[in-house]
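Only one structure is covered here, and it is reproduced in the block below.
The values are calculated or read from the model by the stated rules, or taken from the named source; none is laboratory data. This one's a predicted model, so the numbers in the text were calculated from it and none came from an experiment. Here the Cβ positions follow ideal geometry from the backbone for every residue, glycine too, while neighbour counts run over all protein chains shown.
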Amino acid sequence: MDFRSKKPLRKLSQNEFNSDVKKFIKSTHKFYDSKIPEIKTLAKKMHEEYDLKEFYKVFKRLWNSGYYGERSLAIKTLLTYEEDFDKKTWNFLIPYLNDIRDFDEADALGEIIGKVLVRNNLLKREIKKLSKRRDILLRRIALVSCFPLVQKRDLDFVFKILEERINDKERKMQEINGKLLKELSKVNKTETKRFILKNKNMSELTFELATSNLKELKKSRNIRKLGKDKRGFLFLKFLKE
């Protein structure tokens, strides 16, 4: 049984709610920066007033307003309920995925979905489906959702997703592929090196980001192949520049 309880606060009326939100909506291009004190303050206030089930209704109201500030507030507030995320959170978000407007929203929702993913392995099948969608925003969500798995060291699935997307022609996908490989290199340098060498024809952007922490790979873009020493262990072989 969960003995946690929300602080009993007076529910905001529709007019009070709209006024409170609009008071903080000052710009449309910075609201995905979590350091903005106004949005953090309002997100905290709503978290204190609503439990997750109640907030889903508030999220819908904010999202459907059509304003970037209010949509980003919906996402930032939802992130404050991380400890309560479950399969229902994923089910709730599904209808909103096809309504995403830009990469900021895709990355923000991808972060939430990733936090749900680490709690429910069954979602991996859905993430794999997303990674194959024609819509680049949905593919981006799939890759962003893998970052929490890296921190959890659940790496096999992440490498499999990257294997399928590593030659994506879209620059925004090449970027996220490189960033994801960079994070992988922090937790398993050997496997990440092996993956990079196996996929040496990846885009220049992906390679540049992926090798940020791998100076030995960064020395040469002309990687030949993986070699083996006398004991059969893999080691790196480079073409001289």
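Count, please, the residues in segment 47-88 that happen to be hydroxyl-bearing (Ser, Thr, Tyr) and in a helix (DSSP H, G or I). Show your work before the answer.
In the first step, residues of segment 47-88 are kept if they are hydroxyl-bearing (Ser, Thr, Tyr); the result is 50, 56, 65, 67-68, 72, 77, 80-81.
Pick out the ones that are also in a helix (DSSP H, G or I) and you get 56, 68, 72, 77.
Total meeting the criteria: 4.
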Mind listing whichever residues of segment 95-127 are within 10 Å of the chain's Cα centre (by Cα) and aromatic (Phe, Trp, Tyr)? none
Output the residues belonging to segment 116-172 that are among the β-branched types (Val, Ile, Thr) and closer than 23 Å to Tyr81 by Cα. Val116, Val118, Ile127, Ile141, Val144, Val150
Residues being in a helix (DSSP H, G or I) and either in contact with a Gly (Cβ under 6 Å, 6 or more places away or on another chain) or not hydrophobic (A, V, I, L, M, F, W, C) (or both): count how many of those fall in segment 101-149. 20
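Within segment 150-221, considering only helices (runs of 4 or more DSSP H) that don't extend past its boundaries, which have at least 1 residues that are farther than 18 Å from Asp107 by Cα, at pLDDT 95 or above and of a type outside the set (Phe, Trp, Tyr)? Outline the logic, then answer.
Details: elements: 155-165, 171-187, 189-198, 204-210, 215-218.
Here the list reads 155-165, 171-187, 189-198, 204-210.
Could you please give the count of residues in segment 186-198 that are over 28 Å from Leu122 (Cβ atoms) and either touching a residue at least 12 places away in the same chain (Cβ under 8 Å) or touching a Ser or Thr at 6+ places or on another chain (Cβ under 7 Å) (or both)?
From segment 186-198, those over 28 Å from Leu122 (Cβ atoms) are 189-190, 193-194, 196-198; that's our starting set.
Next, only the ones that are either touching a residue at least 12 places away in the same chain (Cβ under 8 Å) or touching a Ser or Thr at 6+ places or on another chain (Cβ under 7 Å) (or both) stay: 189, 193-194, 196-198.
Going through segment 186-198 one residue at a time, the tally reaches 6.
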With the condition kept exactly as written, say whether any residue in segment 120-141 is closer than 20 Å to Asn188 by Cα and among the small types (Gly, Ala, Ser). no
Within the set of pairs 6 or more residues apart or between chains, which connect a residue that is at positive phi inside segment 152-163 to a residue that is assigned to a helix (DSSP H, G or I) with Cβ atoms less than 8 Å apart? Arg153/Val187
